[in-house]
Structures are given as structure tokens and as C-alpha cells.
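Just below is one structure, and these are the notes that go with it.
The values are calculated or read from the model by the stated rules, or taken from the named source; none is laboratory data. In this text the structure is predicted, and so the values were computed from the model without any measurement. Cβ coordinates were reconstructed from backbone atoms using ideal geometry, including for glycine residues, and neighbour counts include every protein chain displayed.
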């Protein structure tokens, strides 16, 4: 059973009668505010949370994400933060959420993003050296980085390189027992560094991963799992 917590103001955006949330295997848990989201998630351990950047009660979207991500009992959940306007982009970037969407977004797009996160591949946490080549430019540039976590669909890595959402890269790395791996990917998420001595975090989605790449990553994740 997939459990989904959604604040009531966002539920009004959804056309529930036309969504996958009606299907067997999904449980929709309404929350009056972000404060209620925390209380429900502590009890139910949801698979996905959809909450607002601003809440009618004291817990903001930034605080909500921070509390959840720093709690080992609650952190294993995907989070979508819905914001009022594009002017909230800086605040959104401070959240440790999986996705951000404007409140004016259509219910179809919101449901599509919810469906994607509910079916997200298992991830393995690791520290693996990474070589990156930025493509699609007149002068190609090479960088280095370190993989933080990885799944069959993409990964999160840290790097001192300045990359932008939508950039296409070629990345090379090695996983134990799998030898050298090369994959094409696109930058889909950026978490800016918190201080001068830290590096940016970049979320990437593999572009048409082949069976060899998927098999190597899934094998690695299985070995890392307890």
C-alpha cells in the first residue's frame, strides 16, 4: 500500500475522480497544514508528501523538509513542495525536496510528478569518484565529482563545477564488481552549496540507460542493502 500525504489546499487542485489515487494500492491521507503533515507522517510513514511552501500553521515548507530529512525515522520519503510563484524559487532551492511545482500548475502535471516519485527506483548511498564531461557546447569541459547516491534512473553527485538545469553530460564512474561505466545524463535538479567550502549537489536523470547500466546499478544497490 502506497501512502500519500497531501495538504488539503493542494487536494483541491487535484481531480481525484480521474487520478491513480483512486486505485487499489494507494491511500490518500489529507492534512490540514504542514504541521499536520508531520504528525501524520510520524504515525503512518508515508511514501510521498505533497505540501505547501507556506502553511496556515507555523511550519513552513523549508522547516518541514529539514525536520523530515534530519530524522532517520522519517527521511525515507519523497517530497513535492508547491509554491505560490516563481519569486519563491530561492526558498524552494533551500528545501531538501524531490520536486517543486507552482500552485498554478495543472492537476495533470502534478499527478504525473506524484506518479513518477511513487515509482522511483531504489537508491544506494555511496561515495564514488565521478568524471563528468559537459556536452553540447562549442568547447567541451571536463570536471570531477563524487556520487552521493545512485539509482537505475539517475543519481545525486557533488562537484565544484558550475552546471545548470538542462545541461547534458557524459559521466564515467566505477562500481564495485562492475568495472568502468559511462552514461549520458541530464541535469534535472541543483542544490546550491551552503558555504564557500562546500560543493553544489546535482541531481541527474540517465538518458536512455541500457540494460548493462541498469543491471550494474541494481546489483550494486542489492549488495549495499542490509
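Of the residues in the stretch 99-119, at least one is out of contact with any helix residue (DSSP H, G or I) (no Cβ under 9 Å at 6 or more places or on another chain) and at pLDDT 80 or above.
Could you check the stretch 31-63 and list, in sequence order, the residues that are part of a loop (DSSP other than H, G, I, E, B) and modelled with pLDDT of 90 or more? Spell out how you get there, then give the answer.
Just the residues of the stretch 31-63 that are part of a loop (DSSP other than H, G, I, E, B), to begin with: 32-33, 45-47, 53-60.
Scanning the stretch 31-63 gives 32, 33, 45, 46, 47.
If you go through the stretch 140-152 and keep only what is farther than 12 Å from residue 172 by Cα, buried (at least 18 other Cβ atoms within 10 Å of the Cβ) and in contact with a strand residue (DSSP E or B) (Cβ under 6 Å, 6 or more places away or on another chain), you end up with 148, 150. The residue list 187, 214, 191 contains one member that is in contact with a strand residue (DSSP E or B) (Cβ under 8 Å, 6 or more places away or on another chain) and at pLDDT 80 or above, which is 187.
Among the residues of the stretch 25-79, write down those that are under 15 Å from residue 2 (Cβ atoms), in contact with a strand residue (DSSP E or B) (Cβ under 8 Å, 6 or more places away or on another chain) and surrounded by fewer than 21 Cβ atoms within 10 Å (Cβ to Cβ).
Of the stretch 25-79, the ones under 15 Å from residue 2 (Cβ atoms) are 25-29, 40-41, 44-50, 76-79.
Checking the rest, the ones that are also in contact with a strand residue (DSSP E or B) (Cβ under 8 Å, 6 or more places away or on another chain) come to 25-29, 40-41, 44-50, 77-79.
Once the filter is applied, which keeps residues that are under 15 Å from residue 2 (Cβ atoms), in contact with a strand residue (DSSP E or B) (Cβ under 8 Å, 6 or more places away or on another chain) and surrounded by fewer than 21 Cβ atoms within 10 Å (Cβ to Cβ), the stretch 25-79 yields 25, 26, 27, 28, 29, 40, 44, 45, 47, 77, 78.
Could you list all residues from the stretch 160-185 that are surrounded by fewer than 16 Cβ atoms within 10 Å (Cβ to Cβ) and either part of a loop (DSSP other than H, G, I, E, B) or outside the structural domain of residue 205 (by TED's automatic domain parsing) (or both)? Matches in the stretch 160-185: 160, 162, 164, 165, 166, 176, 177, 178.
Is there a residue in the stretch 127-137 that is at pLDDT below 85, surrounded by fewer than 11 Cβ atoms within 10 Å (Cβ to Cβ) and either over 23 Å from residue 78 (Cα atoms) or in contact with a helix residue (DSSP H, G or I) (Cβ under 6 Å, 6 or more places away or on another chain) (or both)? If you could, list the steps in order and put the result at the bottom.
As a first pass, look at the stretch 127-137 and keep what is at pLDDT below 85: 127-137.
Checking the rest, the ones that are also surrounded by fewer than 11 Cβ atoms within 10 Å (Cβ to Cβ) come to 127, 136-137.
This time we only want the ones that are either over 23 Å from residue 78 (Cα atoms) or in contact with a helix residue (DSSP H, G or I) (Cβ under 6 Å, 6 or more places away or on another chain) (or both), so: 136-137.
Yes; the residues of the stretch 127-137 include at least one that is at pLDDT below 85, surrounded by fewer than 11 Cβ atoms within 10 Å (Cβ to Cβ) and either over 23 Å from residue 78 (Cα atoms) or in contact with a helix residue (DSSP H, G or I) (Cβ under 6 Å, 6 or more places away or on another chain) (or both).
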